[in-house]
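What follows is a single structure, written as structure tokens, with notes after it.
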Amino acid sequence: MTTLLDDDIRKRVTNPLDSVHQETGDTPFRVFSDWVNLTLASFTGDEESYQKTLSRYRSNGFDEDAVDRLVNLHAEALGGLVLGLEESKEDILGGVYEHYGLTSDRFGQYFTPGPVSRAMAAMTIPDDGDLREATLDDPLVIGDISGCGSGRLIVDTARQLRVVAPEVPAVFLGYEKDSLCAKMAVINFVLNDVIGYVLLGDALKLKPQKVWSAGTGRMLKGERPVSVLTVEETDWVVSRFFGEEDRIAAEETSQGSLVDFELG
């Protein structure tokens with residue numbers, strides 16, 4: 001596993017996380033997972049999940065001052081991620097995962113290299129404007145459905161679409177069976193202003209364990225940028241975006257590719 005992420009940008013995230021590792025003795029994988037879980041819980045407003053990590057700190061003997069310090073370090077890492085995204089087109093979140101994967105087998109997923117991802121995005125959304133007509137009721141729907149990882153390919157495609165056809169309405173879909181990576185994809189959707197859904201589960205079975213809906217626009221209405229869908233809402237997403245023809249397409253699509261689902 002390799003990463004092309006600039007060290008200075010990466011350290012804005014990893015330095016605070018490394019401090020958590022040093023203070024708690026938790027493994028880098030545990031620290032990274034806690035950080036992702038805390039971040040996603042703050043995006044969804046899931047106080048129970050947020051407190052779960054803090055309760056573990058308390059049960060491990062940390063007093064409230066120490067817990068506050070650890071929370072601040074996690075927040076500092078998120079701030080470093082946000083600042084880094086203002087300076088780099090790289091998938092910083094995925095790059096941090098890859099960085100820790102250099103020394104730990106727990107980070108076992110492999111992501112499409114950034115340059116390859118951007119090249120694939122350019123091929124998916126050509127500069128000649130050869131896109132089907134889309135409306136708000138029938139948007140362009142683009143999905144990385146055979147393992148979206150950290151959402152890198154989807155984010156790059158969304159950026160490419162903004163350059164080529166910024167007025168074209170689009171919804172993006174990510175399908176990932178690794179829970180940590182799926183959560184990373186949700187975070188990347190939010191921080192890169194990507195509207196869509198991330199589904200946790202096996203795309204071939206089309207029975208997701210969980211579905212997150214992401215859209216920063218809802219923050220203007222005082223809502224959280226991410227919501228976890230109900231069973232009924234999940235069924236709607238699967239039915240809407242994964243009809244029989246799309247199920248066959250999912251089975252035939254190679255890992256890491258994108259499919260534009262034509263909606264009927």
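Computed values, structure above
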read-out: Pairs, first more than 18 Å from Ser213 (Cβ to Cβ) and in contact (Cβ under 8 Å) with a residue 12 or more places away in the chain in segment 156-174, second surrounded by fewer than 22 Cβ atoms within 10 Å (Cβ to Cβ) and acidic (Asp, Glu), C-beta under 8 Å, six or more apart; value: Val164/Asp127
read-out: Residue list for segment 107-130, restricted to those being small (Gly, Ala, Ser) and over 17 Å from the mean Cα position of the chain (by Cα); value: Ala119, Ala122, Gly129
read-out: Residues of segment 85-106 that turn out to be surrounded by fewer than 20 Cβ atoms within 10 Å (Cβ to Cβ) and within 16 Å of the chain's Cα centre (by Cα), as a count; value: 2
read-out: Any hit, segment 34-57, residues being farther than 27 Å from Val211 by Cβ and either of a type in the set (Lys, Arg) or in contact with a Cys (Cβ under 9 Å, 6 or more places away or on another chain) (or both); value: no
read-out: Residue among Val67, Val82 that alone is exposed (fewer than 15 other Cβ atoms within 10 Å of the Cβ), in contact with a Leu (Cβ under 7 Å, 6 or more places away or on another chain) and either part of a helix (DSSP H, G or I) or of a type in the set (Val, Ile, Thr) (or both); value: Val82
read-out: Single residue of segment 139-164 satisfying the filter (among the β-branched types (Val, Ile, Thr) and touching a Gly at 6+ places or on another chain (Cβ under 9 Å)) that is farthest from Asn192 (Cα to Cα); value: Ile145
read-out: Residue in segment 109-127 that is touching a strand residue (DSSP E or B) at 6+ places or on another chain (Cβ under 7 Å), outside the structural domain of Gly80 (by TED's automatic domain parsing) and farther than 27 Å from Glu86 by Cβ present; value: no
read-out: Enumeration of residues in segment 123-155 that are assigned to a loop (DSSP other than H, G, I, E, B) and free of Cβ contacts under 8 Å to residues at least 12 places away in the same chain; value: Asp128, Asp130, Glu133, Asp137
read-out: Wholly enclosed strands (runs of 3 or more DSSP E) of segment 172-264 bearing at least 3 residues at pLDDT 95 or above and not basic (Lys, Arg); value: 196-200, 210-214, 226-228
read-out: Complete set of residues in segment 138-153 that are over 9 Å from the mean Cα position of the chain (by Cα) and modelled with pLDDT of 90 or more; value: Asp138, Pro139, Leu140, Val141, Ile142, Gly143, Asp144, Gly147, Leu153
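The values are calculated or read from the model by the stated rules, or taken from the named source; none is laboratory data. Please read all numbers here as calculations on a predicted model, not as lab measurements. All Cβ positions, glycine included, derive from the backbone under ideal geometry; neighbour counts span all protein chains shown.
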